[in-house]
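Working notes for the structure below.
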Amino acid sequence: MTLYVESVKVSTHSGPNGGAPRCQHLRVPPGAEQGAPECAMCLILGLTWARLVVCLTCGWVACSDDSPGGHARAHYQETDHPVVGALETETAWRWCYVHGRAL
């Protein structure tokens with residue numbers, strides 16, 4: 001899309017329907033096999049989780065940000081693996097930590 005602001009040509013890159021820019025982090029090659037459906041750190045610490053997510057880079061399963069531990073974000077901070085997805089296979093939800101938004 002090209003905009004003209006005060007006679008200056010400005011190009012923008014956006015997603016479908018003028019949405020936010022497409023996330024380049026989805027181009028990560030498929031990760032390793034998905035881990036067990038549990039947050040290992042929560043089990044060690046005796047915490048419960050609200051929801052589990054899987055790292056799309058390496059298959060690590062951890063609790064989401066709305067869980068007391070927030071171990072998926074800690075995994076991102078430690079490894080720079082940018083995108084997690086819903087653990088449930090029937091859901092296509094994904095989250096990019098770099099952009100801070102759902103994909």
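Values in this text are rule-based calculations from the coordinates and carry no lab data. On a predicted model such as this, the values are computed, not experimentally measured, just so you know. Neighbour counts run over all protein chains shown; Cβ positions are idealised from the backbone, glycine included.
Using beta carbons and a limit of 6 Å, which pairs, at least six apart or on different chains, have the first residue in segment 42-53 and farther than 22 Å from residue 93 by Cβ and the second one surrounded by 12 or more Cβ atoms within 10 Å (Cβ to Cβ)?
47/68; 47/69
Listed residues 73, 94; which is touching a strand residue (DSSP E or B) at 6+ places or on another chain (Cβ under 7 Å) and charged (D, E, K, R)?
None of the others qualify; the one that does is 94.
Any residue in segment 54-64 that is among the hydrophobic types (A, V, I, L, M, F, W, C), in contact with a Gly (Cβ under 7 Å, 6 or more places away or on another chain) and either farther than 27 Å from residue 24 by Cα or touching a residue at least 40 places away in the same chain (Cβ under 8 Å) (or both)?
The answer is no; no qualifying residue exists.
Pairs only if they're at least six apart or on different chains, beta carbon under 6 angstrom, first in segment 69-88 and at negative phi, second part of a helix (DSSP H, G or I) and surrounded by 18 or more Cβ atoms within 10 Å (Cβ to Cβ); list them, first residue then second.
That search, which allows pairs on different chains as well, returns 69/42; 84/72.
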